[in-house]
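Asker: Mind having a look at this structure? Questions to follow.
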Amino acid sequence: MSESINYGDIKNNYKPTVYVLQELAGTRAGSPKINIMSASKFGEFKFLLPEFSQIIFSPGPLIFKLRGLLKNYTTKDYLLLTGDPAIIGVACSIVSEFTNGKYNLLKWDKQDKLYYPIEINLNEKGKIDE
């Protein structure tokens, strides 16, 4: 094989992933209650958990499952925070662990009716009074 792989080509062709934490409410009934299609401009959707997933008494199995589903998350990807607040907290913690505290969220703006990207950096140093 005389062909070589150009790292620049691979890097420039990377398509981010939008990790949708849970299927949207109403998905199983065939009529999701919200439309997230405008978030697709940030990357390809990857739905992680079924609509009715919850953390109840034993979070261990769900945490293990989320670790596996989020193992390929990079700082160029996005989390779309849907579903159970406890699952949202765990997912953000897992991604933060994988990326040393740097990750991206998509936040819905009700007034503009679109998603805005938010960069999170838990290592950012600043004054508490800011």
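Asker: Given the condition under 20 Å from residue 106 (Cα atoms) and at pLDDT 90 or above, answer yes or no: does some residue in region 57-66 qualify?
Answerer: Yes: one or more hits.
Asker: Separate question: Looking at region 26-54, which of its residues are over 16 Å from residue 79 (Cβ atoms), at pLDDT 80 or above and hydrophobic (A, V, I, L, M, F, W, C)?
Answerer: 37, the sole residue that qualifies.
Asker: Go through region 35-46 and count every residue that is surrounded by 10 or more Cβ atoms within 10 Å (Cβ to Cβ) and in a loop (DSSP other than H, G, I, E, B).
Answerer: Within region 35-46, residues that are surrounded by 10 or more Cβ atoms within 10 Å (Cβ to Cβ) and in a loop (DSSP other than H, G, I, E, B) number 2.
Asker: Just to be sure I understand, how many residues within region 74-91 are closer than 15 Å to residue 117 by Cβ and either crowded, with 17+ Cβ neighbours inside 10 Å or of a type in the set (Asp, Glu) (or both)?
Answerer: Count: 5.
Asker: Just the residues that are crowded, with 16+ Cβ neighbours inside 10 Å and out of contact with any strand residue (DSSP E or B) (no Cβ under 8 Å at 6 or more places or on another chain), please, taken from region 47-61.
Answerer: 55
Asker: Among strands (runs of 3 or more DSSP E) lying entirely in region 74-129, which contain 1 or more residues that are over 25 Å from residue 13 (Cβ atoms) and without any contact (Cβ under 8 Å) to a residue 60 or more places away in the chain?
Answerer: Of the strands (runs of 3 or more DSSP E) lying wholly inside region 74-129, those with at least 1 residues that are over 25 Å from residue 13 (Cβ atoms) and without any contact (Cβ under 8 Å) to a residue 60 or more places away in the chain span 102-109, 114-121.
Asker: Select from region 92-115 the residues that are touching a helix residue (DSSP H, G or I) at 6+ places or on another chain (Cβ under 6 Å) and crowded, with 18+ Cβ neighbours inside 10 Å and write down the one among them that is modelled with the lowest pLDDT.
Answerer: Among those residues, the one meeting the criterion is 115.
The values are calculated or read from the model by the stated rules, or taken from the named source; none is laboratory data. As the structure is a prediction and not an experimental result, all values here were calculated from the model. Quick reminder, even Gly has a Cβ in these numbers, built from the backbone with ideal geometry, and neighbours come from all protein chains shown.
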